[in-house]
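A short reminder: the numbers here are calculations on the coordinates, not readings from a lab. This is a predicted model, so every value here is computed, not measured. Virtual Cβ from ideal backbone geometry, glycine too; neighbours counted across all protein chains shown.
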Amino acid sequence: MATTALTPAATYRSALYEWVTTTDHKKIGILYLVNSFVFFFIGGILALGVRSQLAVPDNKLFSPDLYNQLFTMHASLMLFLFIIPILAGFANYVVPLQIGAPDMAFPRINALSFWMLPLAGIIMLAGFLVPGGAAAEGWTSYSPLAQAKYSGVGTDLWLVAVTLIGTSSILGSVNFLVTIFKMRAPGMTMFRLPILVWTALVTSVLVLMATPVLTSALIMLFIDRNYGGAFFDPANGGNAVLWQNIFRFYSHPAVYIMILIVMGIVSEVLPVFSRKPLFGYKAFVFATAGIGALGFSVWAHHMFTTGTVYLPFFSFMTFLIAVPTGVKMFNWIATLFRGQLTFATPLLFALGFLTMFLIGGINGAFSAAVPVDFALHDTYWVVAHLHYVLFGGSVFGVFAGVYYWFPKMSGRMLNETLGKIHFLLVFIGFNVTFFPMHLLGLEGMPRRIATYASTAGWNQLNLLATIGSLIIAASAVPFLWNVLISLRSGEPAGDDPWEGNTLEWATTSPPPPYNFDHLPEIRSERPVFDARHGRTGGHGGQS
Amino acid sequence: MPQTAHDGALADLPRHGISNPILGMILFICSEVMFFAGLFAAYFNVRATAPIWPPSVAEVGPIAEHFDLHAEPWLAAVLTIILVSSSFTCQLGVWAIRRNDRRGLIRAIAVTLVMGVIFLIGQGYDYSQLGFGLSDGTFGTTFFTLTGFHGAHVLGGVIMLSVVLFRAMSGQFTARHHDAVEATSIYWHFVDVVWIALFSILYIIPTR
Amino acid sequence: MRFKHPRNAFAVGLLFVAIAVVYYLVSHDAGGTTTLFALGIAMGLAAYALVVGTPDDL
């Protein structure tokens, strides 16, 4: 068992000062996680507001204008302040450890990237306090609704906040790319990188290339709204569909930014908990790169019904992108097959990811067919699809990562019973909430409507979905309780509680500031496994 | 001359690595290419969907008379020459410090900085003479957004050059350690390339 | 993973330029073609810098 050989610095610094001024990637990673969960819970409360309004027909609980703010801010918080940053946070914590580096390439820029996020969140939420309220035209901010004549200062605050978040992401992506390419330990060649690191690499490329396009769109909209610009406002000679094109050029790669690292997390968890190497490592790498590349060529599948899109190109590319995704699915299943499974909470969430993301992928494939999309565009079918991939997919993967790496980060194990209760509640609650939405979409219920007539025939399914959302809300309790009591008095974890494969398990829990006292020999993508089984260190190691 | 693989920040030694800060700057520039791509995409889309470009007097009124940038490209052409030359002088500075010629570096960066400032002043003067503004329809909006953000990037470059000049004058750079000079010059070349694209697209290529 | 010559890393960008060309031929959409084409330039430059910048045991 590795022990730390260096003693801590003699000067006293308060814990608060340490956390606020840290440039240590591990602390910054934890800051990302905590900050992101705060916005997850706020976004969740906004979702409860949405579901309360939709629980019964002809509901007047919230005014339509406030309802629009609720769903706009729900999505904006979840996408920009929860899912994208939390994955950056996991990568921040884990990537330098997994490549055997002492920190990220640019530690101070790393800290800057983090601190821009709570600032941006406060700016965005401040919209609720200004006249006219928060941004209310959907997280997609289409014109003309997003123009100054239909929206207030809240939208400008939203634009500033998202620009800050985008800048934070771009700086982070530069950091990750330089770190991954330049700071690997000796023996850690590119094709021995853990899949999590590969997914962080491709995600960083996507962030680097796509996010600036979003920034340009946000700035153009800001100019339209505040300086009399004529980009997107038809009344001024502008083109509303132009916004959709530029925005979607970002937002489609963005969904891969929101899922690839999760796929990396699942690719770490499945081998460890089935005691088998990941099936098809190289195929995974190429599939990830393929998804990243193809992800740039499908953006207008969000715009099939505008009448301005060359439909066959985008439909074809969208179907094509299902291929590398399917390759990954088969590889994960092959990893589990004939494995010796330990059904600990990380594996449960990883299995939940596999099943839920599969459903989300399939209902997305339906929408890739243009005639189907013509019928289902902007209905609850799409709401079902996006939640199956982003909640069933990304969030379940995030929880898998939390349960898997919590011992490494804190030195304590999470309680398994509470973990299983959490899993059961969120899995059931999630499906009860979102499965009915497939049916609602097929029955024609449009999305983003503040209320619906009782004669439309949507009453029971909506009520069911709202009940499901309460179950999801309840699932937060065992999770939070588990985290709190485990931090205080959880079982000590030791270096390697799960018998892991990758380098983070070769150091203490939590690691010392400089990460490693001693690195095992790196001859494969599973250096800790190799060391544990005597395959390296002069015992005929193989790569 | 660099002796080992680990010498300083010498980007022209292939297969021995680029230093982290310079690699970081190159990647950041890739992101900036995409930022300008969004702005250019908007411009080309607006231009392609307009019945005639620039918009005619019949469409938008007398202000359209000012839209014919091809009639008087002279000031813009002078600005182009200034910016391209400044890229050259900047590179002279890089070559100088690679030879440990600190005074050459200071001279070259100072000249580059002055030319950058002249560019900005000239751009400001050009703006004042154009006769149309940001809120004058699609033409005004796209023109000022594109050139304005380019100008903002030039300003950023001018600030970086000032910092480099200050540090050079304090003797902080040697042949082995001058990452900031290399990174700044790469950024400055990028700003120049964007201007060449802008100048060609807005002033040179024929309109419809 | 080895490139015979680091300049060949620019080929990564060619993929996106090819997509841009195909896209323009089928759709004549100036905006989308611009962003795809710029993506080719940016990807080529990034790939080149990362390959050249990486230590020899890539």
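Taking the three principal axes of the alpha carbon atoms in the protein assembly as shown, the coordinate ranges are 79, 77, 52 Å, sorted in descending order.
Whole-Å semi-axes of the stretch A:385-519's equivalent ellipsoid, largest first, each the root of 5 times a Cα gyration tensor eigenvalue?
Numbers: eigenvalues 338, 48, 20 Å².
Taking √(5λ) for each eigenvalue gives 41, 16, 10 Å, largest first.
Working note: Cα gyration tensor of the stretch B:50-154, eigenvalues times five, square-rooted, sorted largest first, giving semi-axes of 38, 11, 11 Å.
In debye to the nearest 20, how big a dipole does the protein assembly as shown give about its Cα centre with +1 on each Lys and Arg Cβ and -1 on each Asp and Glu Cβ? Don't skip to the answer; put the middle values down first.
Working: 40 positive and 39 negative charges, 331 e Å.
So the magnitude is around 1600 debye.
In units of the compact-protein estimate 2.2 N^0.38 Å, the stretch A:259-477 shows a Cα radius of gyration of 1.11. Estimated purely from DSSP H runs of n ≥ 4, each contributing -39500 (n - 2.57), the mean residue ellipticity at 222 nm for chain B is -24000 deg cm²/dmol once divided by its residues. By the count of neighbouring beta-carbon atoms within 10 Å, fewest first, B:ILE81, A:ILE467 end up ordered B:ILE81, A:ILE467. Longest stretch of chain A clear of exposed loop sites (trypsin sites (Lys or Arg not before Pro), DSSP loop, at most 16 other Cβ atoms within 10 Å, sites excluded): A:150-274.
Between 0 and 90 degrees, the angle of helix B:137-169 with respect to the longest Cα principal axis of chain B falls at about 20 degrees.
Lys and Arg at +1, Asp and Glu at -1: add these up for the other residues within a Cβ distance under 12 Å of B:PHE119 and post the number.
Net charge in that neighbourhood comes out at -2.
Backbone amide hydrogens, once placed in the peptide plane, bring A:ALA134 within less than 5 Å of A:PHE128, excluding anything fewer than 5 places away on its chain. Put in line by how crowded their Cβ is, counting other Cβ atoms within 10 Å and starting with the fewest, C:THR34, A:THR199 read C:THR34, A:THR199. Ordering A:PRO144, B:PRO55, A:VAL269 by Cα displacement along the dipole of the protein assembly as shown toward the positive end leaves A:VAL269 in first place; charges were set at the Cβ atoms of Lys, Arg (+1) and Asp, Glu (-1). Helices assigned as whole DSSP H runs in chain A whose Cα atoms extend at least 24 Å along their own long axis and whose mean Kyte-Doolittle hydropathy is 0.0 or higher are found at A:25-54, A:107-125, A:153-182, A:195-226, A:240-257, A:311-336, A:345-368, A:416-442, A:459-489. This ranking places B:GLU65, A:GLU268 by how few other beta-carbon atoms lie within 10 Å of each, fewest first, which gives B:GLU65, A:GLU268. About the centre of its Cα atoms, the stretch A:21-253 shows a dipole size close to 600 debye [charges on the beta carbon of Lys, Arg (+1) and Asp, Glu (-1) only; nearest 20 debye].
Kindly express, to the nearest 10 degrees and within the range 0 to 90, the angle between helix B:74-98's C-alpha long axis and the longest C-alpha principal axis of chain B. Computed tilt is about 10 degrees.
Amide hydrogen proximity for A:THR379: with H placed 1.01 Å from N in the peptide plane, the residues at 5 or more positions away or on another chain lying under 5 Å are A:ARG447. Look at where the Cα atoms of the stretch A:43-111 and of the stretch A:354-390 average out, and the two centres are 21 Å apart.
Across all directions, the shadow cast by the convex hull of the stretch A:21-253 built on its C-alpha atoms averages 13.8 square nanometres. Between the alpha-carbon centers of the stretch A:453-522 and the stretch B:15-79, tell me the distance in whole angstrom. After rounding, the separation between the Cα centres reads 47 Å. Only Lys, Arg, Asp and Glu carry charge here, each on its Cβ (+1 for the first two, -1 for the last two); on that basis the stretch A:259-477 has a dipole of about 640 debye about its Cα centre.
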